[in-house]
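To start, the structure itself, in structure tokens.
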Amino acid sequence: MQHGYTGAPRGRYNCIDLGYCTKKKIFPEIRHGGYDACRSVHAEQNAIISASRKDMIEGTMYLVGIRKDTKEYEQGANSCQTCRKMIINAGIKDVVIRGSNKQEYTKINVDDWIKNDDLLEGKMVY
């Protein structure tokens, strides 16, 4: 079992250490997206790069997002396009996302991301 976290690459300062979010500073109007301006490596990415592919094939990834500013669960959380592509290539079968402190979960079959390519439909996700 591998664990991932969202944070700056090793040796770099996290936004919490800097006292501001670089993405919000550059793109204050964007709630989701603009990830090239983000200092963080996403939890999904950290988990994938820490594991061998043979251990991920047909596996399940569990995600929970808690906002640092409010300590609340991130409502409607989902993987960004970059993380989705990495999850698909890693061979992960399902992604389970915790959506609240009431133990509400959304289970996503990764095949749905393959069959329903949001980018081809012009949709931006998360």
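Under 16 Å from a point placed 7 Å out from the Cα of Asp69 along the Cα-to-Cβ direction: which residues of region 3-31 have their backbone N that close? What the label zone holds, given the 16 Å backbone N cut-off, is 15-31. Between Phe27 and Ile49, take the C-beta separation as r, use R0 = 30 Å, and let me know the FRET efficiency to the nearest 0.05. Once rounded, the FRET efficiency stands at 0.75. Seen against the Cα atoms of the chain and their longest principal axis, helix 81-90 is set at about 40 degrees.
Rounded to the nearest 500, the 222 nm mean residue ellipticity of the chain from helices alone is -7000 deg cm²/dmol, with -39,500 (n - 2.57) taken per DSSP H run of at least 4 residues. What the Cβ-Cβ distance of Asp111 and Leu18 gives, at R0 = 30 Å and to the nearest 0.05, is a FRET efficiency of 0.15. For percent of Cα pairs over 27 Å apart, computed directly from the structure shown, the correct entry in [x] 15; [y] 19; [z] 39 is [y]. For region 1-55, the solvent-accessible area of protein heavy atoms averages 75 Å² per residue (probe radius 1.4 Å; ligands and nucleic acids excluded). For the residue pairs Lys68/Lys115; Lys24/Lys85; Lys54/Lys85; Lys68/Lys93; Lys25/Lys68, the alpha carbons lie more than 26 Å apart in Lys68/Lys115; Lys68/Lys93.
The residues Met86, Met61, sorted by heavy-atom accessible surface at 1.4 Å with ligands and nucleic acids left out, run Met86, Met61 from largest to smallest. Backbone N atoms of region 1-45 closer than 11 Å to the 7 Å Cα→Cβ label point of Lys93 are not found in any residue. Dipole of the chain computed with +1 at Lys/Arg Cβ and -1 at Asp/Glu Cβ about the Cα centre; of Ile92, Thr60, Ile26, farthest Cα towards the positive end is Ile26.
The values are calculated or read from the model by the stated rules, or taken from the named source; none is laboratory data. These figures come from a predicted structure and were not determined experimentally. Every residue, glycine as well, gets a Cβ built from its backbone with ideal geometry; the counts of neighbours run over all protein chains shown. Calculation scope for accessible area: heavy atoms of the full protein, side chains included, ligands and nucleic acids excluded. Shrake-Rupley method; radii C 1.70, N 1.55, O 1.52, S 1.80 Å.
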